[in-house]
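The values are calculated or read from the model by the stated rules, or taken from the named source; none is laboratory data. If you're wondering where the values come from, they're calculated on a predicted model, not measured in any experiment. Cβ sites come from the backbone with ideal geometry, for glycine too, and all protein chains shown count toward neighbours.
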Amino acid sequence: MNRTIGFNLNGKAVSLTADPERMLLWVLRTDLGLTGTKFGCGEGFCGACTVVVDGQAVRSCQTPLKTVEGKKVLTIEGLEKNGRLHPLQEAFMKHDALQCGYCTSGMILTAYSLIQSKPMPAEKDILDALEDNLCRCGTHNRIVLAVQDAAAAMQGAGSHEK
Amino acid sequence: MKNNEVDEYQGETGLRRRDFLKLAGGGILVCVTLGEASLLQEGGQRRPGQGYPEDFNAYLLVRPDGRVTCFTGKIEQGQGASTSLPLIVADELDVPAASVDMVMGDTDLCPYDMGTFGSMTIRYFGPALRAAAAEARGVLLELAAERLKAPVDRLVVKDGLVTDKSNPKNKVTYAELAAGKKIEKHITPKPSPKPVSEWVVQGKPALRRDAREKVTGKALYAGDVRVPGMLYAKVLRPSAHGAKLKTLDAAEAGKIPGVTIVHDGDLVAALHELPDVARFALSKIVADYEPSESKLDDKNIFEHLVSVAPAGQTVAQGGDLKQGEALSAAVFDETYLNSYVAHSAMETHTALVKIEGDKATVWASSQAPFRLKDEIAQTLGLPPANVHVISPFVGGGFGGKSANKQAVQAARLAKIAGKPVQVAWSRADEFFWDTFRPAAVVKIKSGLDAAGKIVLWDYTVYFAGSRSAAQFYDIPHHRTVGSGEWGGGGGGAASGHPFSVGAWRAPSSNTNVFARESQIDIMAAKAKADPLEFRLKNLANDPPGLRMKRVLTAAADRFGWKPAATPSGRGLGLVCADYSGTYVATIAEVEVDKNTGEVKVKRVVCAQDLGQCINPEGTAIQMEGCITMGLGYALTEEVHFKAGEVLDLNYDTYHLPRFSWLPKIETVIVENKTMPPSGGGEPPIINMGAVLANAVFDATGARLFQLPMTKERVKAALALVHG
């Protein structure tokens, strides 16, 4: 049965009437028109569909819409603020940490969630956090460098503000 | 200078050059023909009469705003063509690289191109583009000479500004020259492209141009394209290749509101305006199949392939094999196997087809948009001119997206449904309908004389194809035979394969290099020689041999190679190979867990000579990508199947390389400014099987003859050695 579900998407309140059992991935991509979140495997094995819900990286292909009701959902489209890229986005660009780009949204959002919980992740932390995010083009080593770089940049910016 | 507004070409496309110029929006259009040689890219023959403009293979448009647009039938699948090609244009035209725009893979706007594969973009399209840019500069200089009333040889160009050397105030920009123009020009004689010594941006690292779109989620892939009224279709996958549909019950699925069920011959699909509802509806369809009659599985396939192999073709030979055998102090007779491997790009095959009247527009994840255009035209019974294929970003191809089956499905469904239809395969669909890298067998008989020289080489490859098969060592008596190719398949009686197979990043070569370089290592071990010294000793001192020695030495220098006979216990492997004119040497260091059979790759050094290097950054990324991707086919990737049923349908059982596998990767680009660029998208991957097999041998004394080197196979090989 359809019902109206509200949540915060990329800083803005959204509300839509839909089947609450539908997976967030398809609601984002079709109903809400945000196609930066990608379908990769449909079973939570690959991480291409990763979004951040209340700070936690989740697989949107395995996340029923009802479970994000009233929560904060962040997708790749929400990282850029007033035309300024997030340090993770900048670092991915600086290190050429992508090829086909299809896994990139999921990589960045998984790393975002990691940095939320561990502002200065060690290399091992990054490898562990991204272990279940698959990249077929083989950009892994550059992604690790980009995440380290972004974490350092955010740390610098943070201390600056203090 | 001829100033000809030519209109002579009007093939089946109906695209007149004048119309094209209109479409492209005015300015100075330069078309360049390099002749058939450049179009006859290896691996396929250009088919005549397909209705494409055949008289030019590169266009450039200098726009009235001074920007330059490059039109190419190539697509961007992550390998960086959209970054490297503008560097060529920028240097030839003397404009900033940032002022060059790319229009890629649009069949209405771009010159015919066979497809983006085989590391051929820079190698074959590069020269056409370079010539177009050189000609464009010539045209602009002639126009400037007229405008500035100064001879061409007094003009200099920088950043699109033409200046009279004798009077710096006498100047004009490309933008001013192109303003108000709608002309197509040719000049004779053709200007020569610039020598490498005059390159400005080529040869220096350039970051990706598509990165910002890709890190912000704005980059559009085929699945992201939406048009009003479109439906999402989910196609029923048979239980097995060769299985026949007996009964179908779609009653329950058809009751779901908004769902349309299509059953058209072999095509069954559920359609809905939401993709997940279409998927749910498909799951409610009950289908019963007559099982496939195939007796093949992933274990007996190798024996089968050899038994059905057609007569071989000799691709290289020299001397006399009998004499070689007589000269041999030791003879080595070995067989190498590799399994079917999936392409498994992160983006599954996707296409959207919109039909309006007698015209169709197609957005597809395809490496071959022009071939796709023909396929759609044929499917819909339309003239090719009425089909327009647009290529969004492709989320990885690796050869798998040269096949366009999903777009044909979408076209059939769009025609039946009377609405635009998107087909995006599920991951299981992708594993089922993929054109796998073929399983293959290589048999080698080789011989070594008492002095440690290779004197005999008798090589037969079954079903992998013969690219990179011909050996390049200095062997007096040799023969290389290829039997069965990598294309086709599909379970027919004439085919060796129970399903479709096709090009997989560096087709043939992964198989052939694994076999050859393993065999070389076996002989080196027997001769108690260091693997590097053994190779250097057996390579000729002719130009190819010297080029190979150079990459080997470069890799060894970077690695800090210390000579030792194998197995040394250090876990080091070394390999060299050639791929369509690119030379590549790789050294790897591994650790083998003798209890579990797990191979951990610690470090990989790769040195590559690809001639002139347009973008060292792009080259390095491709080298790293090839090395990382190659870990998969070497260690874990194998498609399991039985009686036509594909048993691996997602990443729970099919294992791609992951972050925890990551070796330290070092890449060395061996400078070679004297040779034109060859391809860089594939070569380093071809060494990965052999280099890890050789490293495992060096670590343990156990030789692996089959890829992938799974834990189980490593343990079995260890048991043979250590009992």
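What to note about this one:
- The range A:99-111 residues that are under 12 Å from A:Ser60 (Cβ atoms) and within 7 Å of chain B (Cβ to nearest Cβ), paired with ones that are of a type outside the set (Lys, Arg) and not in a helix (DSSP H, G or I) (beta carbon under 8 Å, 6 or more apart): A:Ser105/A:Gly36; A:Ser105/A:Thr37; A:Ser105/A:Ala48; A:Ser105/A:Thr50; A:Ser105/A:Thr75; A:Ser105/B:Gly217
- Given (1) surrounded by 24 or more Cβ atoms within 10 Å (Cβ to Cβ); (2) under 20 Å from B:Thr348 (Cβ atoms); (3) not β-branched (Val, Ile, Thr), number of the condition B:Pro392 does not satisfy: (1)
- Condition check for B:Gly701: on the phi > 0 side of the Ramachandran plot and more than 14 Å from every other protein chain (Cβ to nearest Cβ): yes
- In the range B:615-642, the residues that are within 13 Å of chain A (Cβ to nearest Cβ) and touching a residue at least 60 places away in the same chain (Cβ under 8 Å) reach residues that are aromatic (Phe, Trp, Tyr) and part of a helix (DSSP H, G or I) with C-beta atoms within less than 6 angstrom, at least six apart or across chains, in these pairs: B:Leu631/B:Trp661.
- For the range A:133-140, the criterion of a residue being under 19 Å from A:Arg59 (Cβ atoms), at the interface with chain B (Cβ under 8 Å from one of its Cβ atoms), at pLDDT 95 or above and assigned to a helix (DSSP H, G or I) is satisfied by no position.
- Candidates B:Ala469, B:Ala440 - the one that is modelled with pLDDT of 95 or more, farther than 20 Å from B:Leu327 by Cβ, buried (at least 22 other Cβ atoms within 10 Å of the Cβ) and within 24 Å of the chain's Cα centre (by Cα): B:Ala440
- Just one of the numbered conditions (1) at pLDDT 90 or above; (2) surrounded by fewer than 24 Cβ atoms within 10 Å (Cβ to Cβ); (3) within 25 Å of the chain's Cα centre (by Cα) is not true of B:Ile88: (2).
- Within this structure, B:Val227 fails the test of being surrounded by 19 or more Cβ atoms within 10 Å (Cβ to Cβ) and modelled with pLDDT of 95 or more.
- Which numbered condition B:Gly618 misses (of (1) within 21 Å of the chain's Cα centre (by Cα); (2) crowded, with 24+ Cβ neighbours inside 10 Å; (3) within 18 Å of B:Trp504 (Cβ to Cβ)): (3)
- Where B:Leu656 falls short, out of the listed (1) assigned to a loop (DSSP other than H, G, I, E, B); (2) among the aliphatic types (A, V, I, L, M); (3) more than 8 Å from chain A (Cβ to nearest Cβ): (3)
- Residue count, the range A:112-132 (criterion: assigned to a helix (DSSP H, G or I) and more than 10 Å from chain B (Cβ to nearest Cβ)): 7
- Members of the range B:142-169 that are without any contact (Cβ under 8 Å) to a residue 12 or more places away in the chain, under 20 Å from B:Glu198 (Cα atoms), in contact with a strand residue (DSSP E or B) (Cβ under 9 Å, 6 or more places away or on another chain) and not basic (Lys, Arg): B:Val156, B:Thr163
- Residue match in the range B:257-265 (condition: touching a residue at least 60 places away in the same chain (Cβ under 8 Å), crowded, with 17+ Cβ neighbours inside 10 Å and more than 29 Å from the chain's Cα centre (by Cα)): yes
- Of all the residues in the range B:276-287, those that are out of contact with any helix residue (DSSP H, G or I) (no Cβ under 6 Å at 6 or more places or on another chain) and either surrounded by 14 or more Cβ atoms within 10 Å (Cβ to Cβ) or assigned by TED's automatic domain parsing to the domain that holds B:Gly644 (or both) number 6.
- Total residues in the range A:23-64 satisfying the condition of being touching a residue at least 40 places away in the same chain (Cβ under 8 Å), within 14 Å of the chain's Cα centre (by Cα) and not in a loop (DSSP other than H, G, I, E, B): the figure is 7.
- First in the range B:324-346 and farther than 13 Å from B:Gln706 by Cβ and in a strand (DSSP E or B), second anywhere and modelled with pLDDT of 95 or more and among the polar types (S, T, N, Q), Cβ under 8 Å, 6 or more apart: B:Val331/B:Ser446; B:Phe332/B:Ser446; B:Phe332/B:Gln519
- For the range A:34-88, a tally of residues being at pLDDT below 95 and within 11 Å of chain B (Cβ to nearest Cβ) returns 1.
- Here B:Ala175, B:Ala136 are screened, and the one residue that is under 39 Å from the mean Cα position of the chain (by Cα), buried (at least 24 other Cβ atoms within 10 Å of the Cβ) and assigned to a helix (DSSP H, G or I) is B:Ala136.
- Residue match in the range B:622-635 (condition: in a loop (DSSP other than H, G, I, E, B) and over 30 Å from B:Ser239 (Cβ atoms)): no
- Only one entry of B:Ile376, B:Ile390, B:Ile355 meets the criterion of being closer than 29 Å to B:Glu485 by Cα and assigned by TED's automatic domain parsing to the domain that holds B:Met230, and that entry is B:Ile376.
- Set side by side, the residues B:Ala233, B:Ala206, B:Ala222, B:Ala243 differ, and just one is closer than 17 Å to A:Lys38 by Cα and either in contact with a Gly (Cβ under 8 Å, 6 or more places away or on another chain) or in contact (Cβ under 8 Å) with a residue 24 or more places away in the chain (or both), which is B:Ala222.
- Whichever residue in the range B:599-613 is part of a loop (DSSP other than H, G, I, E, B) and in contact with a helix residue (DSSP H, G or I) (Cβ under 8 Å, 6 or more places away or on another chain) and, among such residues, is surrounded by the fewest Cβ atoms within 10 Å (Cβ to Cβ): B:Gln612
- Residue-level check: of (1) at the interface with another protein chain (Cβ under 8 Å from one of its Cβ atoms); (2) surrounded by 24 or more Cβ atoms within 10 Å (Cβ to Cβ); (3) among the hydrophobic types (A, V, I, L, M, F, W, C); (4) part of a helix (DSSP H, G or I), A:Ala91 misses just (1).
- Checked against (1) modelled with pLDDT under 95; (2) within 30 Å of A:Ile5 (Cβ to Cβ), A:Gln155 meets all criteria but (2).
- Considered as a group, the residues in the range B:351-398 that are part of a loop (DSSP other than H, G, I, E, B) and touching a His at 6+ places or on another chain (Cβ under 9 Å) include one that is nearest to the other protein chains (Cβ to nearest Cβ), and that residue is B:Gly396.
Residue-by-condition table, conditions (1) surrounded by fewer than 23 Cβ atoms within 10 Å (Cβ to Cβ); (2) among the charged types (D, E, K, R):
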| residue | (1), (2) |
| --- | --- |
| B:Thr586 | no, no |
| B:Glu591 | yes, yes |
| B:Gly597 | yes, no |
| B:Thr628 | no, no |
| B:Val646 | no, no |
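- Options B:Arg226, B:Arg208: the member that is within 11 Å of chain A (Cβ to nearest Cβ) and either in contact with a Pro (Cβ under 7 Å, 6 or more places away or on another chain) or closer than 30 Å to B:Leu282 by Cα (or both): B:Arg226
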